[in-house]
Amino acid sequence: MEDPTGLVPALTFHALRRAFKTSIAERLIPEAQWTEHAKALVRKLTHNAHVDSGLVAWIIRK
C-alpha cells in the first residue's frame, strides 16, 4: 500500500477505518487505547513508521 509520494489513496483511508472499527469491536479494545491501536494498525498496513496524527484522528472518530 505504500505510495512513493507518501500519500494514502482515499479508498485506503476508508479501508483503514473499517479495519480499525472491526478490530476494536472484535478485540473489545477500550476507547482509551484507540489512538495507539490505530497507529499500530496504520504502521502494519502501510509499512510506514510515520503515522499522521490527522489520519489517526479521522480513523478513530465516532
Nearest-10 value in Å² for the accessible area of residue 34, using the 1.4 Å probe: 40
Could you sort the peptides 41-50, 24-33 by per-residue average Cβ neighbour count (10 Å cutoff), highest mean leading? 41-50, 24-33
Determine the calculated [θ] at 222 nm for the chain from helices alone, applying -39500 (n - 2.57) to every DSSP H run no shorter than 4 residues and normalising by the residue count; nearest 500 deg cm²/dmol. -20000 deg cm²/dmol
What accessible surface, in Å², does a 1.4 Å probe find on residue 14, ignoring ligands, DNA and RNA and rounding to the nearest 10? 110
Which residue, chosen from 9, 42, 23, occupies the Cα position most advanced towards the positive end of the dipole of the chain, where the dipole is computed from +1 (Lys, Arg) and -1 (Asp, Glu) charges on Cβ about the Cα centre? 23
Determine the order of 62, 21 by accessible area, beginning with the largest, at a probe radius of 1.4 Å. 62, 21
Kirkwood-Stokes translational diffusion coefficient of the chain, alpha-carbon pairs, 37 °C, 0.692 mPa s, µm²/s: 279
Summed residue charge, Cβ within 12 Å of residue 61's Cβ, Lys/Arg positive, Asp/Glu negative: +2
If you place +1 on the Cβ of every Lys and Arg and -1 on the Cβ of every Asp and Glu, how big does the dipole about the Cα centre of the chain come out, in debye to the nearest 20? 220
Per-residue SASA entry for residue 20, accessible area with 1.4 Å probe, Å² rounded to 10: 0
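The values are calculated or read from the model by the stated rules, or taken from the named source; none is laboratory data. What you see is a predicted model, and the numbers here were worked out from it, not measured in a lab. Reconstructed Cβ throughout: ideal geometry from the backbone, glycine too, with neighbour counts over all protein chains shown. Just so you know, the surface numbers come from the protein's heavy atoms only, side chains and all, with ligands and any DNA or RNA stripped out. Shrake-Rupley method; radii C 1.70, N 1.55, O 1.52, S 1.80 Å.
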